[in-house]
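Report on the following structure.
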Amino acid sequence: MIIVEPKPLEEVLEMVKNENSILVVGCEGCTAITQAGGEKQAEVMAHLLEMGLKLKGRKDVKIKATSILRQCDRQMVAISLKPLLEGYDAVVSMACGVGVQTVADIFSNKKIYPAQNTKFMGSHDREVGKFSEMCSACGECILHETGGVCPITRCAKSLLNGPCGGFARGKCEVGGWTRDCAWVLIFNRLKAQGRLDLFTKFRPPRNYQLSQSPRELGGE
Amino acid sequence: MSKPAYSELMKKINEGKFVVTGEVEPVKTTDLTEVLEAAKRLKDCCVAVNVTDNPTAFAYMNALVPSYMIQKEVGLEAVYQMVTRDRNRLALLSDLLAAGALGIKNILALTGDSVVVGDNPQAKPVHDLDSTQFIYMIRKIVDEGVDLAGKKIHNPPKFHVGAAANPNADPLEPEVYKLIRKQNVGVDFIQTQSTYDIEVIKRFMKEVESIGVKVPILIGVTPFKSIKMMEWLVKFVPGITVPSEIQERLYKAKEISKKKFEEENIEIFSELCKEIRKTTHAAGIHMMAIGFEWVVPPILERAGIRKA
């Protein structure tokens, strides 16, 4: 899913300090699952903004919290947000950058403020409360050749023909020798499966046209 | 061996001579004096000299100009190092064509250390190509006269292309197996990272040979500039082992005098060079003594090794 990190409250307060009416909108998609931007967090954000703005001498600001199912769905945003936005000039979106932009596209007369920094697409280890980036959406998946480890994302240099010389004891120098070298992982998995021919296979230069932004799919 | 040799380095390797290459490092300056002086000190004992390209991701002078000047002013062949970290395939091709125009004959194709370990860690890393893909690109240029997109090059340059390898790699297997890829793509020679333990070198060479890698390999040797440098390597560079016997010998010599340390240092590394020549199938030695190049000639002399 899409992993976000809440912006520091001070930063959000600074963005909205001159607003008179703010609707804080949560998203029940990825950000709710990671407990960063769902209904609960939207409510907390509304309270914090109210208090923070009061401390800045803004006592009369109208603030309310709400949440919709998915801010990345244009129709859902249009239908569910329209009645809620009545009487508000500004939106603080608790969604990822996709949600923020979808709301901004549809309600272009409203001022929109992001409450999150969108970080990456990753997996969630709930035991240790950790998110790890797993996919860069390169547009030409080769996970079947690399033992299910993505070298584009998990190798710090996105090498297709790794490893480089920057590993020791199986760890990558980027990040201070704490993270596994993706290409050592790939080697170990392919070796265990008796498929080292896939390791020694040469992978030619990538076609970056396949990941040229802005990307679109369908709609014709 | 019917492979053509465009460079002195490759000629000597093909002839089966035990070759020595050196290394110099352009730094953050427009002054070429030091790098030319360093090359002069290596001229009589090295067949070619590597010119580093933004090593450890520190932004320095472009390596092409000193490579050219060393060939022109010093009369020593250059191995122009190129990292793919800082340039995409367009910029790499531009520089290769310029290098061809200036008479460069050897390229060392490297991925380059990550920008995060360098002196401008905020920079955007390029990595359009990795080092293996860069070797593939150079082969296309040299052998077929076309770039990666298949576009024809007028008067294509003739280069030999080298790659790096790390005998200290832990685990060693992925490091060795990746050399199969580089061999299949068509690399001409390999220069390794510095290694201090002859047993590590022997193990690396044995592994490489056992999986069928036949590319000529020059073993990297870096003498110690000081005890401090040795301590730093041992403490902070994971994967590098300096045998305790060597450490003890140098500590003992240092206690006596600076001169004694220098003598012992030269003795230790000439022994290492001799051992490499005697006990492995290495094609030669790549000496890296940046900033203290004066140490290279006496080491080689004592080891009885001529430049080729």
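The values are calculated or read from the model by the stated rules, or taken from the named source; none is laboratory data. The structure presented is a predicted model; accordingly, all values stated were derived computationally and were not measured. Note that each Cβ is placed from the backbone with ideal geometry, even for glycine, and that neighbours are counted across all protein chains shown.
Selection of region A:1-32 for residues being without any contact (Cβ under 8 Å) to a residue 60 or more places away in the chain and either surrounded by fewer than 16 Cβ atoms within 10 Å (Cβ to Cβ) or part of a helix (DSSP H, G or I) (or both) yields A:PRO8, A:LEU9, A:GLU10, A:GLU11, A:LEU13, A:GLU14, A:LYS17, A:ASN18, A:ALA32. Tallying residues that are more than 7 Å from every other protein chain (Cβ to nearest Cβ), under 20 Å from B:GLY112 (Cβ atoms) and in contact with a helix residue (DSSP H, G or I) (Cβ under 9 Å, 6 or more places away or on another chain) within region A:168-187 yields 6. Among the residues of region A:194-220, what is the count of those that are at negative phi and surrounded by fewer than 12 Cβ atoms within 10 Å (Cβ to Cβ)? Residues flagged as at negative phi and surrounded by fewer than 12 Cβ atoms within 10 Å (Cβ to Cβ) within region A:194-220 amount to 11. Among residues of region A:188-203 that are more than 10 Å from chain B (Cβ to nearest Cβ), those with a beta-carbon under 8 Å from a residue that is part of a helix (DSSP H, G or I) at least six positions away or on a different chain give the pairs A:LEU198/A:LEU190.
Could you list all residues from region B:157-184 that are more than 30 Å from A:ALA192 (Cβ to Cβ) and in contact with a strand residue (DSSP E or B) (Cβ under 8 Å, 6 or more places away or on another chain)?
B:PHE159, B:HIS160, B:VAL161, B:GLY162
The number of residues in region B:117-135 being polar (S, T, N, Q) and at the interface with chain A (Cβ under 7 Å from one of its Cβ atoms) comes to 2.
A Cβ distance below 8 Å, combined with a sequence gap of six or more or placement on separate chains, defines the contacts here; from region B:48-61, residues that are assigned to a helix (DSSP H, G or I) reach residues that are among the hydroxyl-bearing types (Ser, Thr, Tyr) in the pairs B:ALA57/B:SER114.
Helices (runs of 4 or more DSSP H) fully within region B:168-283 that include at least 2 residues being of a type in the set (Phe, Trp, Tyr): B:227-236, B:258-279.
Here region A:94-121 is the region considered, the condition is being of a type in the set (Lys, Arg) and not in a loop (DSSP other than H, G, I, E, B), and the residue that is farthest from A:PRO214 (Cα to Cα) is A:LYS111. Scanning region B:27-37 turns up no residue that is in contact (Cβ under 8 Å) with a residue 40 or more places away in the chain and crowded, with 21+ Cβ neighbours inside 10 Å.
Can you tell me which condition A:LEU159 does not meet? The list is (1) surrounded by 14 or more Cβ atoms within 10 Å (Cβ to Cβ); (2) over 24 Å from B:VAL126 (Cβ atoms); (3) outside the structural domain of A:ALA42 (by TED's automatic domain parsing), and all the others hold. The single condition A:LEU159 does not satisfy is (2). One residue alone among A:GLY175, A:GLY122 is touching a residue at least 12 places away in the same chain (Cβ under 8 Å) and touching a strand residue (DSSP E or B) at 6+ places or on another chain (Cβ under 7 Å), and that residue is A:GLY122. When B:LEU42, B:LEU36, B:LEU9 are screened for being at pLDDT 95 or above, in contact with a Ser or Thr (Cβ under 8 Å, 6 or more places away or on another chain) and part of a helix (DSSP H, G or I), only B:LEU9 passes. Residue check: is A:LEU210 more than 8 Å from chain B (Cβ to nearest Cβ) and either among the hydroxyl-bearing types (Ser, Thr, Tyr) or touching an Asp or Glu at 6+ places or on another chain (Cβ under 6 Å) (or both)? It is true that A:LEU210 is more than 8 Å from chain B (Cβ to nearest Cβ) and either among the hydroxyl-bearing types (Ser, Thr, Tyr) or touching an Asp or Glu at 6+ places or on another chain (Cβ under 6 Å) (or both).
Across region A:126-145, not a single residue is classified as more than 21 Å from the chain's Cα centre (by Cα), modelled with pLDDT of 95 or more and among the polar types (S, T, N, Q). Restricting region B:142-171 to residues that are within 22 Å of the chain's Cα centre (by Cα) and more than 11 Å from every other protein chain (Cβ to nearest Cβ), which is surrounded by the most Cβ atoms within 10 Å (Cβ to Cβ)? Per the criteria, the residue is B:GLY162. Among the residues of region B:249-268, those that are within 28 Å of the chain's Cα centre (by Cα) and either closer than 16 Å to B:VAL221 by Cβ or not aromatic (Phe, Trp, Tyr) (or both) comprise B:ARG249, B:LEU250, B:GLU262, B:GLU263, B:GLU264, B:ASN265, B:ILE266, B:GLU267, B:ILE268.
In region B:162-179, the residues that are touching a residue at least 12 places away in the same chain (Cβ under 8 Å) reach residues that are among the basic types (Lys, Arg) and part of a helix (DSSP H, G or I) with C-beta atoms within less than 8 angstrom, at least six apart or across chains, in these pairs: B:ALA163/B:LYS182; B:PRO167/B:ARG203; B:LEU172/B:ARG203; B:GLU173/A:LYS191.
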